[in-house]
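A.B. asks: Questions regarding the structure given below will be posed in turn.
The values are calculated or read from the model by the stated rules, or taken from the named source; none is laboratory data. This is a predicted model, so every value here is computed, not measured. Every residue, glycine among them, receives a Cβ derived from its backbone with ideal geometry; neighbour counts consider all protein chains shown.
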Amino acid sequence: MAAALGKSEWQTPLQLWRIKKGLQEPSGSTPITEFGNVFEPVMAEKFSLNTGFKTRNISKSYTSSRHPFLRAHIDRQIVSNEKHRSTGLLELKTTTSHRLKNLSGPYPLEWKYQIQFYLCLTGYDYAYLLIYARDTAEYHEPILIP
């Protein structure tokens, strides 16, 4: 989503368009993205232990009925609970403490765009973001994103 809005550090809107049109191959996975994928279940478990919220892995893509080219695959679904009477989503991110220290806010703006897009497609009212700093093995407090 950040690339589509011209706000991504990693990809331009033109590169995204070329990938979507099949004119350019998407960048392959890297050791860092592979680590994030493998570590996802551990992070989801840590989130559940810290918050008491149950999550589940949803193996489906959410697609806009109005604009079918808009699709998303969320990391985890948060089951309704005493604090939240509806379903939510959990976004899990791994990064470095150095990157987090150099931000103007608590997390990259790209992540906010992604989460807001996911909320739009799923129809959920809230999301949590859990960040793990790989270099310090540090979890940050989950951030509620209404």
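A.B. asks: Tell me which residues, restricted to segment 1-39, are under 20 Å from residue 112 (Cβ atoms), part of a helix (DSSP H, G or I) and free of Cβ contacts under 8 Å to residues at least 40 places away in the same chain. If you could, list the steps in order and put the result at the bottom.
C.D. replies: The first filter runs over segment 1-39 and keeps only residues under 20 Å from residue 112 (Cβ atoms), leaving 1-13, 16, 33, 36.
The next check asks that each one be part of a helix (DSSP H, G or I); those that pass are 13, 16, 33, 36.
Result: 13, 16, 33.
A.B. asks: Another one. Can you find a residue that is within 20 Å of residue 115 (Cα to Cα), part of a loop (DSSP other than H, G, I, E, B) and at pLDDT below 95 anywhere in segment 40-59?
C.D. replies: The answer is yes; a qualifying residue exists.
A.B. asks: Tell me which of these residue 33 doesn't satisfy, since it passes every other one: (1) over 15 Å from the mean Cα position of the chain (by Cα); (2) surrounded by 11 or more Cβ atoms within 10 Å (Cβ to Cβ); (3) not hydrophobic (A, V, I, L, M, F, W, C).
C.D. replies: (1)
A.B. asks: Read through the list (1) of a type outside the set (Gly, Ala, Ser); (2) within 26 Å of residue 133 (Cα to Cα); (3) modelled with pLDDT of 90 or more, then give the number of the only condition that residue 84 fails.
C.D. replies: Here residue 84 meets the rest and fails (2).
A.B. asks: Restricting attention to segment 1-50, report how many residues are among the β-branched types (Val, Ile, Thr) and within 18 Å of residue 139 (Cβ to Cβ).
C.D. replies: Within segment 1-50, residues that are among the β-branched types (Val, Ile, Thr) and within 18 Å of residue 139 (Cβ to Cβ) number 3.
A.B. asks: Given the conditions (1) at pLDDT 90 or above; (2) surrounded by 15 or more Cβ atoms within 10 Å (Cβ to Cβ), report the number of the one that residue 19 does not fulfil.
C.D. replies: If we test residue 19 against (1) at pLDDT 90 or above; (2) surrounded by 15 or more Cβ atoms within 10 Å (Cβ to Cβ), just (1) comes out false.
A.B. asks: Is it true that some residue in segment 65-80 is assigned to a helix (DSSP H, G or I), within 17 Å of residue 139 (Cβ to Cβ) and free of Cβ contacts under 8 Å to residues at least 40 places away in the same chain?
C.D. replies: Step one: of segment 65-80, the residues assigned to a helix (DSSP H, G or I) are none.
Within segment 65-80, none of the residues are assigned to a helix (DSSP H, G or I), within 17 Å of residue 139 (Cβ to Cβ) and free of Cβ contacts under 8 Å to residues at least 40 places away in the same chain.
A.B. asks: Separate question: What are the residues in segment 122-141 that are at negative phi and either of a type in the set (S, T, N, Q) or surrounded by fewer than 18 Cβ atoms within 10 Å (Cβ to Cβ) (or both), if any? Steps first, please.
C.D. replies: Here is the first cut: in segment 122-141, the ones at negative phi are 122, 124-136, 138-141.
Passing the criteria: 122, 125, 126, 134, 135, 136, 138, 139, 140, 141.
A.B. asks: Name the residue, out of 55, 12, that is polar (S, T, N, Q), exposed (fewer than 13 other Cβ atoms within 10 Å of the Cβ) and either farther than 24 Å from residue 124 by Cα or touching a helix residue (DSSP H, G or I) at 6+ places or on another chain (Cβ under 9 Å) (or both).
C.D. replies: Going through 55, 12 in turn, the sole match is 12.
A.B. asks: State which residue pairs qualify: first residue touching a residue at least 60 places away in the same chain (Cβ under 8 Å) and inside segment 82-105, second residue assigned to a strand (DSSP E or B) and not hydroxyl-bearing (Ser, Thr, Tyr) in any location, beta carbons under 8 Å apart, and separation of 6 or more residues or different chains.
C.D. replies: Cβ pairs passing all conditions: 94/131; 94/133.
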